[in-house]
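The values are calculated or read from the model by the stated rules, or taken from the named source; none is laboratory data. It should be emphasised that the depicted structure is a prediction, and the values quoted were computed from it without experimental measurement. As a convention, Cβ positions derive from the backbone with ideal geometry for all residues, glycine included, and neighbour counts pool all protein chains shown. Ligands, DNA and RNA are stripped out before the accessible areas are found, and what is left, the full protein with its side chains, is counted by its heavy atoms. Shrake-Rupley method; radii C 1.70, N 1.55, O 1.52, S 1.80 Å.
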Amino acid sequence: MLKKSLAFLIMFIFMIALVACGGDDETTDDTGSTDDQTEDTTDDAAEEEEAESSGDGGSVEIFSWWTGAGEEDGLLALIDLFEEKHPDIEVENAAVAGGAGTNAKAVLATRMQGNDPPSTFQVHGGAELNESWVAADKMEPLNDFYEEYDLMDKFPEELIDMVSKDGNIYSVPVNIHRGNVMFYNMEVFEEHGIEVPTTLEEFVDVLAQLDEAGVTPLAMGDKEAWTATQIFENLLLATLGPDDYRALWEGEVGFDDDRVREAAEYFETIIGYVNEDHASRNWQDASQLVGEGEAAMTNMGDWAKGYFSNDLNLETNVDFGYFAFPGTTEDFMVITDTFGLPKGVEDPDTVKEFLNVLGSVEGQDAFNPLKGSIPARVDADASKYDEYGTDTMEDFQNSNLAPSLAHGSAASEGYLTKANQEVNIFVTQQNVDQFIEKLQQIAGDL
Amino acid sequence: MKITRDQLMALLFLTPSFLLIVIFVYGFIGWTGWVSLSNWNTLMPDMSFAGLKNYIYLFGDYRFQADLRNTVFFTILFIGFVIILGLGLAILLDQTKKANALFRNIFLFPMALSFVVTGVVWQWLLNPSTGFNQFLQVFGIQPKWYTDTNILAGFQWGSIEFGLPVAMIAVVIAAVWQMTGFSLAMYVAGLTGIPDELREAARIDGASELQIYRKVILPMLTPITMSVVIIMAHISLKIFDLIYAMTGSGANFVTDVPGVYMFETTFRGNYYANGAAIAIIMLLLVAVFIVPYLINSRRGAS
């Protein structure tokens, strides 16, 4: 009698243990969820029910790290549009919050390694797509898809190159952000009679001029090193020019090139003009200095525009202005979010339906105005975007495109991690020789 | 030998958790160790054998050297202050019988917070452009707290400067603020466990209050101190959340620790083998503290 109840008890303990382990899979996606996401999940549940009731056309799971204010709105608008067009397909929004995508990327890596890919996932065009997922043979080529929906001439050729490897196209870009933008406080510029600099020499002069006038010339917030890396990549683009800049990441131009050294020397000079407490600030804190007129300029991707107008309530071209990073006026440092089709997905045709909506003018115009980015397509409806957006759209079509290092397009995540590390050391020690030497050493990880 | 029913029951109850621990703790430690010896420094698994390559890389790495330095100084300062403050407060509480419970709760309360919360709160408190720091600026003091890259009492070791990073002090303050309550509680329990007869006896022998503490009470608290050191050591050697939330790696990695480096290497850089090697080194660092303690307590028991 006793033995029997004991056996039951042990069975019970084992079952609890099993349930606890098995539960893991389901909870992983929610890791690090915020209040925002809780709302989002309820929305989802409602959406799913709706879809289920209207028939069985398969399902599509969309994996991203878009859980922040504007980006989540954009994603939900896109999903709404898709559900309107395909009420029979069930949509699952598998967004993972936190850490600028770090958490999401870790979850994605685990799922891909375990052969459980989401239907489609957010990935930056360039090395983040090509050198990791494509190189690991985890992605389906989308050449036929591009042909079928006549997309080949709807995106700039350089952009299609960024999502291609060995002649095959692997993903569909949905948006474009620009990394080589300087935002400046117009009042400060006016007060000190400063003209917008277009070359690096002029830029250094302006920095010195502002410094003498007692204003912090450049605001930097490198609590996370990528903001400093972003300045360095813009300098590389300025000294090398777009062609050799791309060649650098393809290993055709070495880091011992004189122009790389020139960029490092400019970098050293520029760091001399940043706010003293840069290491304790993030990019928002740095942008705030510009907004409040304590600093004159900051280099940031165009998501800073959203921060200026939405968070600081500043008016575009009245309170703050923008210009291309000096020396890169003709160039466009591209950060693009794309979605591809992983291998081993149950229902590739359903996923392609989603990619079609995402790649359509309608889809891009639903998504981008909310997210604060510009559409990747060249034929989108410019009237849906604000002044900054239309300006940037025009630049996008008339500039040389260059892949961003700081945002994973130019080199692998591994290289970027190490490059950020070296940039962090350089910002404090400012030893050009050692920096160049280290960059050469880690070039093997490109 | 005959196994009694009680013993059988105990065995049966222990087996499930024993198995789970063997698989999910020791099994995964073994797996991590195996990964650390592999070439898996890409997105997809590559379990080919690499030998000690990943460890050799780490010890030549500037950042990892800085991490080890920071860990040593963080651990020494953190444990030191937690013990001194905890013991000091416990003795003061011991003297004030009346409000004892109230004070104990006040000091113990920070323990209820997670290190992440502590990190965020202290990041705000020490922010160079707010509150207390602006007040200091009135007197011409420009506090840099966690952004200072200076090294105190430094000397060169390999490619890095060995010494106490000034910025680390800010992290130590936050960590001590949180954990002092714990050592306080331990010492209060220890002090309550010392029978009044011993103090009385000492008093009759003509010992002063100070002498009673030095000669009678403190020696009796040694096992408590041992426990505090062990618990604090394993917290400080694998600390991640506080630093990640409060300062990140810091300029020139002055507040970087192996935990943060492991996270970034593994989950940002996809260097799984390197990350595993860092994790194993962290485990060994903790073992340096724990193993002698285990051996010691075994000896004490037998």
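Of all positions in region A:69-88, none carries a residue that is surrounded by fewer than 19 Cβ atoms within 10 Å (Cβ to Cβ), at positive phi and either at pLDDT below 90 or not assigned by the TED database to the domain that holds A:Lys371 (or both). If you check A:Thr216 against the conditions, is it touching an Asp or Glu at 6+ places or on another chain (Cβ under 9 Å) and crowded, with 17+ Cβ neighbours inside 10 Å? Yes, satisfied. Is there a residue in region B:44-60 that is within 14 Å of chain A (Cβ to nearest Cβ), of a type outside the set (A, V, I, L, M) and crowded, with 18+ Cβ neighbours inside 10 Å? Yes, because at least one residue in region B:44-60 is within 14 Å of chain A (Cβ to nearest Cβ), of a type outside the set (A, V, I, L, M) and crowded, with 18+ Cβ neighbours inside 10 Å.
Counting only helices (runs of 4 or more DSSP H) wholly contained in region B:75-148, the ones carrying 2 or more residues that are within 14 Å of chain A (Cβ to nearest Cβ), touching a residue at least 12 places away in the same chain (Cβ under 8 Å) and out of contact with any Leu (no Cβ under 8 Å at 6 or more places or on another chain) occupy B:115-125.
For region A:406-432, the set of residues classified as hydrophobic (A, V, I, L, M, F, W, C) and within 14 Å of chain B (Cβ to nearest Cβ) consists of A:Ala406, A:Ala411, A:Leu416, A:Ala419, A:Val423, A:Ile425, A:Phe426, A:Val427, listed by residue number.
Among helices (runs of 4 or more DSSP H) entirely within region B:196-256, having at least 3 residues that are away from chain A (no Cβ under 14 Å) singles out B:196-204, B:222-237. Looking at region A:410-423, which of the residues that are touching a residue at least 60 places away in the same chain (Cβ under 8 Å) and open to solvent by 20 Å² or more (accessible area, probe 1.4 Å) is farthest from B:Pro165 (Cα to Cα)? If we take residues in region A:410-423 being touching a residue at least 60 places away in the same chain (Cβ under 8 Å) and open to solvent by 20 Å² or more (accessible area, probe 1.4 Å), then A:Ser412 is farthest from B:Pro165 (Cα to Cα). Based on this model, can you work out whether B:Leu8 counts as out of contact with any His (no Cβ under 7 Å at 6 or more places or on another chain), surrounded by fewer than 17 Cβ atoms within 10 Å (Cβ to Cβ) and either within 30 Å of A:Gln434 (Cα to Cα) or within 11 Å of chain A (Cβ to nearest Cβ) (or both)? Yes.
Being more than 9 Å from every other protein chain (Cβ to nearest Cβ) and open to solvent by 20 Å² or more (accessible area, probe 1.4 Å) is the filter here, so list the residues in region B:257-266 that pass it. Result: B:Met262, single match. Scanning region B:258-279 for residues that are out of contact with any Leu (no Cβ under 9 Å at 6 or more places or on another chain) and either part of a loop (DSSP other than H, G, I, E, B) or among the hydrophobic types (A, V, I, L, M, F, W, C) (or both) returns B:Val260, B:Met262, B:Phe263, B:Phe267, B:Tyr271, B:Ala279.
Let's see how each residue does on (1) within 14 Å of another protein chain (Cβ to nearest Cβ); (2) open to solvent by less than 10 Å² (accessible area, probe 1.4 Å):
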| position | (1), (2) |
| --- | --- |
| A:Glu294 | yes, no |
| A:Asp302 | no, yes |
| A:Asn317 | no, no |
| A:Ala324 | no, no |
| A:Thr329 | no, no |
| A:Asp349 | no, no |
| A:Val357 | no, yes |
| A:Pro369 | no, no |
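Against the conditions (1) more than 30 Å from B:Thr247 (Cα to Cα); (2) assigned by the TED database to the domain that holds A:Thr102, where does A:Glu128 fall short? Just the number, please. Among (1) more than 30 Å from B:Thr247 (Cα to Cα); (2) assigned by the TED database to the domain that holds A:Thr102, the lone unmet condition for A:Glu128 is (1). Listed by first and then second residue, the pairs with beta-carbon distance under 6 Å, at least 6 apart or on different chains, first residue in region B:225-248 and under 16 Å from B:Ile278 (Cα atoms), second open to solvent by 40 Å² or more (accessible area, probe 1.4 Å), are B:Leu237/B:Leu285. Can you work out which of the residues in region B:62-74 that are aromatic (Phe, Trp, Tyr) and within 14 Å of chain A (Cβ to nearest Cβ) is surrounded by the most Cβ atoms within 10 Å (Cβ to Cβ)? The selected residue is B:Phe64. Counting only helices (runs of 4 or more DSSP H) that fall entirely inside region A:172-260 and contain at least 1 residues that are within 27 Å of B:Arg268 (Cβ to Cβ) and at pLDDT 95 or above, the qualifying elements are A:226-249. Taking the listed residues A:Asp365, A:Asp445, A:Asp381, the one that is without any contact (Cβ under 8 Å) to a residue 40 or more places away in the chain, within 14 Å of chain B (Cβ to nearest Cβ) and closer than 28 Å to A:Phe121 by Cα is A:Asp445, with no other qualifying.
As a summary of the residue check, A:Asp311 satisfies the conditions (1) more than 25 Å from A:Gly125 (Cα to Cα); (2) in contact with a helix residue (DSSP H, G or I) (Cβ under 6 Å, 6 or more places away or on another chain) except for the one numbered (2).
Among the candidates A:Pro117, A:Pro141, the residue that is of a type outside the set (Lys, Arg) and either more than 14 Å from chain B (Cβ to nearest Cβ) or in a helix (DSSP H, G or I) (or both) is uniquely A:Pro141.
Sort out which residues of region A:74-101 are of a type in the set (Val, Ile, Thr) and assigned to a helix (DSSP H, G or I), and write them in order of number. Correct list: A:Ile79 only. Can you tell me which residue is least open to solvent (accessible area, probe 1.4 Å) among those in region B:267-287 that are free of Cβ contacts under 8 Å to residues at least 24 places away in the same chain and either within 8 Å of chain A (Cβ to nearest Cβ) or under 23 Å from B:Phe162 (Cα atoms) (or both)? By that ranking, first place goes to B:Gly269. Only one entry of A:Asn130, A:Asn143, A:Asn103, A:Asn93 meets the criterion of being out of contact with any His (no Cβ under 7 Å at 6 or more places or on another chain) and either under 14 Å from A:Val351 (Cβ atoms) or modelled with pLDDT under 90 (or both), and that entry is A:Asn103. Out of region A:108-153, which residues are over 17 Å from the mean Cα position of the chain (by Cα), open to solvent by less than 40 Å² (accessible area, probe 1.4 Å), in contact (Cβ under 8 Å) with a residue 60 or more places away in the chain and more than 15 Å from A:Asn168 (Cα to Cα)? Those that are over 17 Å from the mean Cα position of the chain (by Cα), open to solvent by less than 40 Å² (accessible area, probe 1.4 Å), in contact (Cβ under 8 Å) with a residue 60 or more places away in the chain and more than 15 Å from A:Asn168 (Cα to Cα): A:Met112, A:Pro117, A:Pro118, A:Ser119.
Across region B:172-195, the number of residues qualifying as in a helix (DSSP H, G or I) and open to solvent by less than 30 Å² (accessible area, probe 1.4 Å) comes to 14.
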